[in-house]
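Let me begin by presenting the structure, written as structure tokens, before commenting on it.
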Amino acid sequence: MKKVLVLGAGRSASSLIQYLLDAATKHDYEITVADTSLELVKQKTQNHPKSRAIVLDIANEAETHSEISKADLVISMLPAFLHPKIAIQCVAMKKSMVTASYVSGEMKALDAEAKKAGIILMNESGLDPGIDHASAMKAIHHIKESGGKLLSFKSYTGGLIAPESNDNPWGYKFTWNPRNVVLAGQGTACYIENGKYVYIPYHKLFSRIDKVNVEGHGDYEGYANRDSLSYRAIYGIEDIPTLLRGTLRMPDYCAGWNVFVQLGLTDDTHRIADSEKMTFRQFVESFVPAGKDDIKKRLAGYVGIPEKGKVMDMLNWLDIFNDTHVKLKDATPAQILQALLEEKWKLKEGDIDLIVMQHQFEYEISGKKRSLFSSLVVKGDDAIHTAMAKTVGLPMGIVTKLILNGKINLKGVCIPTVKEIYLPLLEELERLGIKFREKES
């Protein structure tokens, strides 16, 4: 009997745990799910006969070491910065590991040791990164093997809200870590367009957007992710003239979010003195030049938006001009903004989320230019098995099963960009209803 240890039972782990429990019955696995909350673990495992629910604080090194030693494979659903700590123990005990997070420098440094130990440290196995890698590489390899030359590759992904649950002017609700949403895009975005490098500083990012149409689902806004250039090597397309990876949002979202960026409300580097004594109106006003005019008029003039219009309506809807108290002591602007948004962008009972991904390829073959649009749209089932939980958790579960059953025999630090991984991964995702629709012209 193969044993799997899942560290973390949070929101994104729901579909993963369900998939593993279903597989456990068929393949004779034992699934141990560990979290600091036993109630949460029991909620996710439902007393399944192939499950084991435990309380575990990874700060307790002895207990963590003991649980890892009992497993054949460890899945880390912990915050990304903790993955290397777990990976080091996995390498020492020759236990394979799966995560959904980007390969960090610390993780990459374990490659040789993992190979020597005869294990795989499988990273970037969720949605983005994960499904995006697998689907992109399938198309890239197909184009190359057909004799085509890639001219452009643009890829966009968004965790959104389904149309039937879209009841606010932002077209957005939190379906994953709110802090990551508030801090998204900070730094400088870089990509290549027609052979020229493009750099977009954070304060300009949300005013330089692309229109992305997904057939049958409408228009979205796309803004550039921080580093697209590194994917040239990852995808083996070092000489491609255009490469861009971006994030999708509903129309007008970026114009509204740009107000927060211009004001400095997404800054997480300094603290607001006596913030707990402030109202949200006073908080916003502390970032706007003084004057005799109403706060809304001064703000509109300062950030360059109409005093009356869609963006101001969006701001009003968030109640940022109200006299409700902040309550957070000595908080950063980003923390205060996050607290407000968590109330306003909360998923309601019955809300359904939506994942949208689109790859846009342009290539040349036999002297003719062609384009390929590959689009994925996934709806959540309910508040537990959300589209985000499915698209993050199911690919992790699939690669776990492939490793345990000997279908993936690679060693060292890996991501799903090779056929041995992405072909069976995409095939099973299709059987589970996660399927790309392609349009070529």
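The values are calculated or read from the model by the stated rules, or taken from the named source; none is laboratory data. Everything quoted here is computed from the prediction, not taken from an experiment. Because the Cβ atoms are built from the backbone with ideal geometry, glycine has one as well, and the counts that use them run over all protein chains shown. With ligands, DNA and RNA removed, areas are computed over all heavy atoms of the protein, side chains included. Shrake-Rupley method; radii C 1.70, N 1.55, O 1.52, S 1.80 Å.
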Open item on the list: Just to confirm, what accessible area per residue do you get for the range 343-399 at 1.4 Å probe, in whole Å²?
Closed with: 41
- [ ] May I ask you to evaluate 6.51 cos²θ - 1.76 cosθ + 1.60, the Karplus curve with θ = phi - 60°, for each residue of the range 401-415 and list the ³J(HN,Hα) values in order in whole Hz, giving x for glycine and proline?
- [x] 5, 4, 5, 4, 8, x, 7, 10, 10, 5, 10, x, 7, 10, 9
TODO: Lys and Arg at +1, Asp and Glu at -1: add these up for the other residues within a Cβ distance under 14 Å of K115 and post the number.
DONE: +2
TODO: Enter the accessible area of W176 (Å², nearest 10), with the probe set to 1.4 Å and all protein chains included.
DONE: 90
TODO: Give me the accessible area of H141, 1.4 Å probe, in Å² rounded to the nearest 10.
DONE: 50
Task: R52 long-range amide H proximity, modeled H, under 5 Å - done: I31, T32, V33
Open item on the list: Once each part is reduced to its C-alpha centroid, what is the distance from the range 204-246 to the range 110-182 in angstrom?
Closed with: 12
Open item on the list: Please report the net charge: other residues with Cβ closer than 15 Å to the Cβ of R298, K and R +1, D and E -1.
Closed with: +1
TODO: Apply the Karplus parameterisation 6.51 cos²θ - 1.76 cosθ + 1.60, with θ equal to phi minus 60°, to every residue of the range 42-50 and state each ³J(HN,Hα) to the nearest whole Hz, in sequence, with x for glycine and proline.
DONE: 5, 4, 7, 8, 6, 6, 4, x, 9
Task: Cut-off of 10 Å, at most 14 other beta carbons, DSSP loop: longest stretch of the chain lacking such GluC sites (Glu not before Pro) - done: 1-214
- [ ] Find the centroid of the Cα atoms in the range 251-294 and in the range 335-357, then give the distance between the two in whole Å.
- [x] 20
- [ ] Could you work out how far the C-alpha centroid of the range 77-107 sits from that of the range 7-43, in angstrom?
- [x] 18
- [ ] Mind listing the long-range amide H neighbours of V98? Cut-off is under 5 Å, sequence gap 5 or more, other chains count too, H placed in the peptide plane at 1.01 Å from N.
- [x] V74, I75, S76, M122
TODO: Select one label from (1) 23; (2) 17; (3) 40: the one whose number is percent of Cα pairs over 40 Å apart as derived from the coordinates shown.
DONE: (1)
TODO: Note down the net charge around V4, summing +1 for each Lys or Arg and -1 for each Asp or Glu among other residues with Cβ under 14 Å from its Cβ.
DONE: +4
Task: Backbone HN-Hα couplings from phi across the range 346-363 [Karplus 6.51/-1.76/1.60, Hz, Gly and Pro as x] - done: 6, 5, 7, 4, x, 5, 10, 9, 8, 10, 10, 9, 9, 9, 10, 10, 10, 8
TODO: Could you pull out every residue, at least 5 positions away or on a different chain, whose amide H is within less than 5 Å of the one on L160? Hs are placed 1.01 Å off N in the peptide plane, and Pro or chain starts have none.
DONE: L354, I355, V356
Open item on the list: Counting only helical runs of four or more DSSP H residues, what would the 222 nm mean residue ellipticity of the chain come to if each run contributes -39,500 (n - 2.57) and the total is spread over all its residues?
Closed with: -10500 deg cm²/dmol
TODO: Only loop residues by DSSP count here, and only those with at most 15 other Cβ atoms within 10 Å; note down the trypsin sites (Lys or Arg not before Pro) in the range 73-125 that meet that.
DONE: K94
TODO: Just flag the chymotrypsin sites (Phe, Trp or Tyr not before Pro) in the range 181-245 sitting in loop per DSSP whose Cβ has no more than 13 other Cβ atoms within 10 Å.
DONE: none
Task: trypsin sites (Lys or Arg not before Pro) restricted to DSSP loop in the range 320-384 with at most 14 other C-beta within 10 Å - done: K327, K329, K346, K348
